[in-house]
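The values are calculated or read from the model by the stated rules, or taken from the named source; none is laboratory data. The shown structure was predicted, so the numbers you read here are calculated from the model rather than taken from an experiment. Cβ placement follows ideal geometry from the backbone for every residue including glycine, while neighbour counts extend to all protein chains displayed. Accessible surface areas use protein heavy atoms only, side chains included; no ligands, DNA or RNA. Shrake-Rupley method; radii C 1.70, N 1.55, O 1.52, S 1.80 Å.
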Amino acid sequence: LHWVDEIVVVDTGSTDRTLPLVRKYTETIEKGDIRRGFAYNRNLGNERARNQWILKVDPDEVISEALALEIQEVLTREDGADGYCAATRSYFRGKWIRGCGWYPMVQVRVFDKTRARWDLTVHERLILEGKTETLGNDILHNSYDDIEHYFRKFNQYTSMEARRLREEGRVVRFRNMPSMFLLRPAGYFVKSYLFQKGWRDGFYGFAVSLYSSLYVLVKYMKLYEMQRDAADA
């Protein structure tokens, strides 16, 4: 990101060497709160940025030289869009996952912050007022080093998702248990592995599809646990 005008980092309590590393490149570091969700923290970054245009990048993502040049070129156009989308090329243990709904996974990555805001606690989305265009180059996403790394994120995300469901008033009842605990997880596996062609990615395609179905199951199980804890309190 050496070509950008400024770098804004929102740190949500890292315990590794993140802060010493990022201070080599920027002193603009905002203290976030992961308990308030991803949208809250991304909006913090938008507000802290001095410039009008935002490039959203996660710490495990890489902007290729080709994409950097493309971004710089589109932002010089007088008749440009209000936001620019890019596909994300995600890797699991170094393998590019083409199926499972992981690719192309197009999202708005460059946007005019005066016309946009982030929403949702987990798997946040950008609400943008205006037109968008899609860039030709991909963002490279080194999503998981191994299965252990996957489940560290898995545990955090399912807890956050369960809290969001509870805040929205969702309740696990006897009549919807078969759907939440069986049909939805099974349906997600079928969708990911068969219809989204996870089978083409070999072992990791199967793993991603299976883990995604477990994600659905576990978030509802955690929601049920929260209900029981609240009832016993």
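The table that follows gives values for the structure above.
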{"quantity": "Qualifying position, being of a type outside the set (G, A, S) and within 28 Å of Y188 (Cα to Cα), among I29, I97, I63, I54", "calculated": "I97"}
{"quantity": "Number of the exception - K191 against (1) part of a helix (DSSP H, G or I); (2) modelled with pLDDT under 95", "calculated": "(2)"}
{"quantity": "Per-region count, the range 98-115, residues within 17 Å of the chain's Cα centre (by Cα), surrounded by 16 or more Cβ atoms within 10 Å (Cβ to Cβ) and not in a loop (DSSP other than H, G, I, E, B)", "calculated": "4"}
{"quantity": "Hits in the range 81-97 - residues which are surrounded by 15 or more Cβ atoms within 10 Å (Cβ to Cβ) and in a loop (DSSP other than H, G, I, E, B)", "calculated": "A81, D82, A87, R93, I97"}
{"quantity": "Set I7, I71, I29: member being more than 30 Å from Y211 (Cβ to Cβ) and in contact (Cβ under 8 Å) with a residue 24 or more places away in the chain", "calculated": "I71"}
{"quantity": "Count - residues of the range 70-80 that are within 14 Å of I139 (Cβ to Cβ) and either of a type in the set (A, V, I, L, M, F, W, C) or open to solvent by 70 Å² or more (accessible area, probe 1.4 Å) (or both)", "calculated": "1"}
{"quantity": "Given (1) assigned to a loop (DSSP other than H, G, I, E, B); (2) modelled with pLDDT of 95 or more; (3) on the phi < 0 side of the Ramachandran plot; (4) hydrophobic (A, V, I, L, M, F, W, C), number of the condition V122 does not satisfy", "calculated": "(2)"}
{"quantity": "Enumeration of residues in the range 133-150 that are surrounded by fewer than 16 Cβ atoms within 10 Å (Cβ to Cβ) and at pLDDT 95 or above", "calculated": "E133, T134, G136"}
{"quantity": "Candidate set from the range 10-52 (those that are more than 30 Å from L165 (Cβ to Cβ) and touching a helix residue (DSSP H, G or I) at 6+ places or on another chain (Cβ under 7 Å)); member that is most open to solvent (accessible area, probe 1.4 Å)", "calculated": "Q52"}
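Here's the yes/no breakdown for (1) assigned to a helix (DSSP H, G or I); (2) within 16 Å of K95 (Cβ to Cβ); (3) of a type in the set (D, E, K, R):
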{"site": "L140", "(1), (2), (3)": "no, yes, no"}
{"site": "N176", "(1), (2), (3)": "yes, no, no"}
{"site": "A186", "(1), (2), (3)": "yes, no, no"}
{"site": "D201", "(1), (2), (3)": "yes, yes, yes"}
{"site": "Y204", "(1), (2), (3)": "yes, yes, no"}
{"site": "A207", "(1), (2), (3)": "yes, yes, no"}
{"site": "L210", "(1), (2), (3)": "yes, yes, no"}
